[in-house]
1. Cut-off under 22 Å on the C-alpha distance; same-chain residues fewer than 8 positions from K97 excluded. Which lysines are left, in chain and number order?
2. Round to the nearest 0.05 the FRET efficiency obtained for Y89 and A33 when R0 = 22 Å and r is the Cβ-Cβ distance.
3. Can you work out the Karplus-derived ³J(HN,Hα) for every residue in segment 38-52? Use 6.51 cos²θ - 1.76 cosθ + 1.60 with θ = phi - 60°, whole Hz, and x for glycine or proline.
4. With θ taken as phi - 60° and the coefficients 6.51, -1.76 and 1.60, list the Karplus ³J(HN,Hα) couplings across segment 21-33 in order, rounded to whole Hz; mark glycine and proline as x.
5. State to the nearest 20 debye the size of the charge dipole of segment 7-70 about its Cα centre, where the only charges are +1 on K and R beta carbons and -1 on D and E beta carbons.
6. Which length gain, in nm to one decimal place, applies between E81 and F49 when the Cα-Cα distance is subtracted from 0.36 nm times their residue separation?
Amino acid sequence: MDPSKAEEPQLRHVETDVLIPKLMREKAKERCAQHVDVFSRCCKDAGFFMVFRCREENAALKECLTLHYQDPAFFEECKQEYLREKQEYKQTGIPAKNRKQKLPTSM
């Protein structure tokens with residue numbers, strides 16, 4: 001038995017099928033920000049006709065996102081980030097989204 005695998009915690013179905021993919025979507029959007037911006041601009045400019053006028057931009061965005069979604073190394077990176085956040089939550093009791101917010105400088 002591989003000792004590195006023994007240390008890794010067992011993930012629940014909701015973690016592997018919902019929570020980690022959600023993190024992957026968020027990070028993939030950041031990595032494909034240029035495509036997101038181009039597509040958003042096109043949709044804004046095209047208005048009602050965006051379905052027809054923004055096909056190329058949409059295809060480029062989908063291709064970029066799909067590339068990340070299907071990358072096992074990217075899944076592993078997101079899984080490790082999720083596990084770190086889960087561990088920090090267990091230690092502090094503060095969810096990651098609340099930990100990342102800036103604290104007020106004066107009260």
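Read the figures in this text as sums done on the coordinates, not as results from a lab. All values reported here derive from a predicted model rather than from experimental measurement. Please note: Cβ atoms are built from the backbone with ideal geometry, for glycine as well, and neighbour counts cover all protein chains shown.
1. Correct list for K97: K22, K27, K29, K79, K86.
2. After rounding, the FRET efficiency stands at 0.20.
3. 4, 5, 4, 4, 4, 4, 5, 6, 7, x, 4, 8, 4, 4, 8
4. For segment 21-33, the Karplus curve yields x, 5, 4, 4, 4, 4, 5, 5, 4, 5, 6, 9, 4 Hz.
5. 320
6. 7.6 nm
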